[in-house]
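These notes are about the structure you will find just below.
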Amino acid sequence: MNIAIVQSQYTNGNSQKNLEKMVEQVESCINKYQNVEIIIFPELSSTGYFLTKELQDVADHAVGEHFQIMSAVAKREKIIIAYGYVEKEDANMIYNSLMVINSKGEKIANYRKIHLTPLEKEFFTAGSEIVVVESEIGKIGLMTCWDLAFPDLAKALAQKGAEVILAPSAWESPHHEPYELFARARAIDYTVFIATCNHIGLSNNLDFFGKSAIYGPDGKVMVKSEEKEETILFASLDFNQRKKLQDSFFTMKADFREDLFKR
């Protein structure tokens, strides 16, 4: 799987501007990495990450205008795209959602963030579905930001066959150490690849630090942004290497005493 993650800053409440920027970033990524197969954008990239009542104004249905725009570019460039948006189900209920579109421009997954932060709970409804999607390039597990802090979700995704877990984020200062540690831990816990992309810059009282990265199934850094700047990171994920790691040192899946932990 040839994967790219976008670390960037987006404009709060201006979906049109953000989507235009995301399309440009897709094209820029393909020009630089011609063999890229999937591109991931940060949490709520299409709307900007902010927590005010104006979220209702930018909320859209799963296959709304944001989907039409990103579907067209995915189909044109023959690439899988995953991005965050504010999903509207009805007049009073919105979700922090992650859309995945395949290279034919089709919706193949829509994940609603399960673990909301205390501030997010004031605005969003929590999702309740654990999502692993079978794509043309491999099995992909989905989570968003604070979900990284919960090993049970990563375990469930791995048990459902996820080979790589995508974790678009909006993680703010001064919590860069937990962000990196949680991501590395989830990778090594279940011997999976983790790809997490973060915002940069200021959003009201939040200061996003970047540090987007792709971690191997041994927890090692494959590629990472150390600078607080807009960038696109790329890596080739070798699923055969993952299998070798599982069969050699990282045998936790085979060795786990399930009989002792059944409820």
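The values are calculated or read from the model by the stated rules, or taken from the named source; none is laboratory data. Since this is a predicted model, take the numbers as computed values, not measurements. Heads up, the Cβs are rebuilt from the backbone with ideal geometry, glycines too, and the neighbour counts pull from every protein chain shown.
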Practice task
May I ask you to say which residue of S225, S173 is in contact (Cβ under 8 Å) with a residue 24 or more places away in the chain and within 30 Å of E27 (Cβ to Cβ)?
Solution key: S225
Problem - Selected residue [within 22 Å of S97 (Cβ to Cβ), touching a residue at least 24 places away in the same chain (Cβ under 8 Å) and either more than 17 Å from the chain's Cα centre (by Cα) or in a strand (DSSP E or B) (or both)] from I232, I194, I188 - result: I194
Practice task
State whether the residues of region 173-181 include one that is under 18 Å from I114 (Cα atoms) and either in contact with a Gly (Cβ under 9 Å, 6 or more places away or on another chain) or assigned to a helix (DSSP H, G or I) (or both).
Solution key: yes
Problem - Members of region 21-54 found to be under 17 Å from I3 (Cα atoms) and among the hydroxyl-bearing types (S, T, Y), listed by number - result: S28, Y33
Handout entry: Residue, farthest from L19 (Cα to Cα), within region 78-123, restricted to residues that are assigned to a strand (DSSP E or B) and small (G, A, S)
Key = A109
Handout entry: Pair list, Cβ under 6 Å, 6 or more apart: region 247-259 residue at negative phi, other residue at pLDDT 85 or above and of a type in the set (V, I, T)
Key = F250/T191
Exercise for the section: Select from region 58-73 the residues that are touching a helix residue (DSSP H, G or I) at 6+ places or on another chain (Cβ under 8 Å), surrounded by 16 or more Cβ atoms within 10 Å (Cβ to Cβ) and more than 12 Å from G105 (Cα to Cα) and list them in ascending order. Expected result: V58, D60, H66
Problem - First in region 41-64 and closer than 12 Å to S15 by Cα, second anywhere and of a type in the set (D, E) and crowded, with 16+ Cβ neighbours inside 10 Å, Cβ under 8 Å, 6 or more apart - result: Y49/E43; A59/E87; D60/E87
Exercise for the section: Taking only region 17-71 into account, find how many residues are touching a strand residue (DSSP E or B) at 6+ places or on another chain (Cβ under 7 Å) and among the β-branched types (V, I, T). Expected result: 8
Completion exercise
Checked region 75-102 for anything touching a residue at least 40 places away in the same chain (Cβ under 8 Å) and closer than 16 Å to I39 by Cβ; matches are E77, I79, I80, I81, A82, Y83, G84, Y85, L98, V100
Exercise for the section: Kindly check whether there is at least one residue in region 239-249 that is farther than 24 Å from V36 by Cβ, among the aromatic types (F, W, Y) and assigned to a loop (DSSP other than H, G, I, E, B). Expected result: yes
Fill in the blank from the handout: Expected single match for at pLDDT 95 or above, of a type in the set (S, T, N, Q) and over 22 Å from A195 (Cβ atoms) among T117, T125 is T125
Practice task
State yes or no: is A162 surrounded by 24 or more Cβ atoms within 10 Å (Cβ to Cβ), of a type in the set (G, A, S), in a loop (DSSP other than H, G, I, E, B) and touching a Lys or Arg at 6+ places or on another chain (Cβ under 8 Å)?
Solution key: yes
Practice task
Report whether or not Q34 is surrounded by fewer than 17 Cβ atoms within 10 Å (Cβ to Cβ), out of contact with any Phe, Trp or Tyr (no Cβ under 8 Å at 6 or more places or on another chain) and at pLDDT below 95.
Solution key: yes
Practice task
Taking the residues in region 20-31 that are more than 26 Å from E89 (Cα to Cα) and without any contact (Cβ under 8 Å) to a residue 12 or more places away in the chain as candidates, determine which candidate is surrounded by the most Cβ atoms within 10 Å (Cβ to Cβ).
Solution key: E24
Exercise for the section: Output the qualifying pairs, or none if there are none: Cβ atoms under 6 angstrom, residues six or more apart or on different chains, first residue in region 202-214 and within 16 Å of L119 (Cβ to Cβ), second residue surrounded by 14 or more Cβ atoms within 10 Å (Cβ to Cβ) and of a type in the set (D, E). Expected result: L206/E172; D207/E172; F208/E172
Practice task
Go through the residues of region 47-62 one by one and say whether even a single one is in a loop (DSSP other than H, G, I, E, B), of a type in the set (G, A, S), under 14 Å from T125 (Cα atoms) and under 20 Å from the mean Cα position of the chain (by Cα).
Solution key: yes
